[in-house]
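S.K.: For reference, the structure I am asking about is given below.
The values are calculated or read from the model by the stated rules, or taken from the named source; none is laboratory data. What you see is a predicted model, and the numbers here were worked out from it, not measured in a lab. So basically every Cβ, Gly included, is an ideal-geometry build from the backbone, and we count neighbours across all protein chains shown.
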Amino acid sequence: MRPPRRVEVAVIGAGPAGSAIAAALATSGRDVVLLERDTFPRHKVCGEFLSPEATRCLDELGCLQAFHERKPAVITRSRLRTADGAQIELKLPAKAYGLSRKCLDEFLFANARDCGAQAFEGAAVRKVEVGRRQQRRLHVELRDGDDRSDYMVEADVVVGAYGRRSRIDRRLKRPFFDKHSPYVAFKRHHYIDRSADVPPLEDHVELHAFDGGYCGVSFVEQGRVNICTMVERRLLRDGRIDPEEPFQSLQRGDTPLGRRLATLKPCDVETCAVAQIPLSTKASTHNGVLFVGDAAGMIAPLAGDGQAMAMESALTLAGLLHDRLPRVPRRQWSREWRQRFGVRVRLGSWLQAAIIRPAIAGLLMRLLGRFPSVARALVVATRGR
């Protein structure tokens with residue numbers, strides 16, 4: 001198979017947002033091509049936590065049963081801890097789940113194809129430019145083993161769903177691309193190795209805050225535990241975090257996080273890492289391209305709603321496109337994105353800045369411990385409708 005030369009909608013990137021919008025548009029009868037530069041299955045740096053809002057999106061996509069067939073871990077409570085031992089625990093408003101990106105992305109991509117989208121792996125979009133009659137031309141490199149072929153795909157609408165940062169952003173001259181981000185993230189799967197003096201992890205998602213970063217811990221499928229940490233780059237420069245063994249570095253010292261990590265044994269999967277994580281403001285449209293998911297704006301990972309927000313944004317834009325194609329609803333999408341996600345993204349960024357500063361984190365923990373209703377309100381404020 002080869003990409004079509006002409007389509008109504010071309011979607012770049014087949015993560016949760018890209019596969020969701022491709023499936024939704026194809027189901028409604030639109031001509032869609034989905035282009036993913038990687039091949040599945042693949043690992044991605046991610047907390048791999050699916051908030052209760054995510055299941056509503058999966059149900060709307062018609063793949064909730066397929067999701068449960070993957071036997072994701074069930075999560076009903078959250079636990080926030082600081083290095084000095086302060087702790088607050090909250091019951092989630094509904095069931096959340098843990099499922100690896102390796103599993104989630106693969107089955108969402110298959111679902112988009114089953115819904116009628118023309119879906120391609122190993123299809124790297126090199127450039128997007130304006131073509132005749134204001135249509136967009138995509139320069140695509142299709143890889144099949146060692147063979148590489150160049151194709152041109154012309155589309156009425158181009159949707160960027162390729163994640164937080166890409167070379168395409170540079171070529172589109174998106175303003176945020178040149179802004180420096182101080183954050184680096186690492187992820188690895190583990191097994192429970194032994195017991196220790198730590199609270200039970202079953203049914204919980206833990207968030208451990210420390211000076212300059214935080215670390216999320218929760219189960220995913222097959223009894224694995226996902227550890228994902230986001231730290232300021234200065235911790236790598238001063239030697240507190242070894243980029244080769246970041247989780248061993250976090251195990252140092254008698255801290256709640258150190259005790260938790262001491263109970264875990266790494267799986268036979270390499271540590272994934274990503275740098276230049278942009279939490280700055282982005283435009284949801286630029287040069288005629290519409291963006292969804294992290295490409296449109298990234299909520300701070302500690303909010304735990306990134307994957308649900310990606311799918312929600314995709315389904316929202318799919319509704320706008322279905323009503324207006326072949327027109328490109330730039331202004332409507334910009335307004336809709338700000339109304340739905342703007343406050344959540346700003347609040348998440350503020351919470352992240354607060355939690356990685358011990359003095360502020362301690363004050364915040366005391367406040368939330370004394371007024372649990374405030375903590376519940378913060379959870380609600382970072383969630384979808």
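S.K.: Looking at Gly297, Gly293, can you tell me which residue is within 20 Å of Val158 (Cα to Cα) and in contact with a Phe, Trp or Tyr (Cβ under 7 Å, 6 or more places away or on another chain)?
M.R.: Within the list Gly297, Gly293, the selection yields Gly297.
S.K.: Conditions: (1) of a type outside the set (D, E, K, R); (2) in the same structural domain as Arg346 (by TED's automatic domain parsing); (3) under 20 Å from the mean Cα position of the chain (by Cα). Asn287 meets all but one. Number of the miss?
M.R.: Unmet condition: (3).
S.K.: Can we say Trp337 is farther than 19 Å from Arg101 by Cβ and under 17 Å from the mean Cα position of the chain (by Cα)?
M.R.: Judged against the criteria, Trp337 is a match.
S.K.: Run down Val274, Val217 and say which single residue is surrounded by fewer than 19 Cβ atoms within 10 Å (Cβ to Cβ) and either closer than 30 Å to Val328 by Cα or of a type in the set (A, V, I, L, M) (or both).
M.R.: One residue alone meets the criteria, Val274.
S.K.: Taking the condition of being in contact with a strand residue (DSSP E or B) (Cβ under 8 Å, 6 or more places away or on another chain), buried (at least 23 other Cβ atoms within 10 Å of the Cβ) and part of a loop (DSSP other than H, G, I, E, B), how many residues in segment 1-20 meet it?
M.R.: Number of matching residues: 2.
S.K.: In this structure, does Arg327 turn out to be in a loop (DSSP other than H, G, I, E, B) and free of Cβ contacts under 8 Å to residues at least 40 places away in the same chain? So that I can check it myself, show each step before the final result.
M.R.: On the way: in a loop (DSSP other than H, G, I, E, B): yes; free of Cβ contacts under 8 Å to residues at least 40 places away in the same chain: yes.
So Arg327 fits the description; yes.
S.K.: I would also like to ask the following. If you take the residues of segment 330-385 that are of a type in the set (D, E, K, R) and touching a Pro at 6+ places or on another chain (Cβ under 9 Å), which of them is surrounded by the fewest Cβ atoms within 10 Å (Cβ to Cβ)?
M.R.: Of everything passing the filter in segment 330-385, Arg376 is surrounded by the fewest Cβ atoms within 10 Å (Cβ to Cβ).
S.K.: Okay, next question. Of the conditions (1) surrounded by 18 or more Cβ atoms within 10 Å (Cβ to Cβ); (2) in contact with a strand residue (DSSP E or B) (Cβ under 9 Å, 6 or more places away or on another chain), Thr27 clears all except one; give me its number.
M.R.: For Thr27, the failing item is (2).
S.K.: Kindly check whether there is at least one residue in segment 254-271 that is free of Cβ contacts under 8 Å to residues at least 24 places away in the same chain and touching a helix residue (DSSP H, G or I) at 6+ places or on another chain (Cβ under 8 Å).
M.R.: Yes, because at least one residue in segment 254-271 is free of Cβ contacts under 8 Å to residues at least 24 places away in the same chain and touching a helix residue (DSSP H, G or I) at 6+ places or on another chain (Cβ under 8 Å).
S.K.: Something else about it: Give the residue, chosen from Ala23, Ala119, that is within 21 Å of Asp294 (Cβ to Cβ) and outside any helix (DSSP H, G or I).
M.R.: Residue meeting the stated conditions: Ala119.
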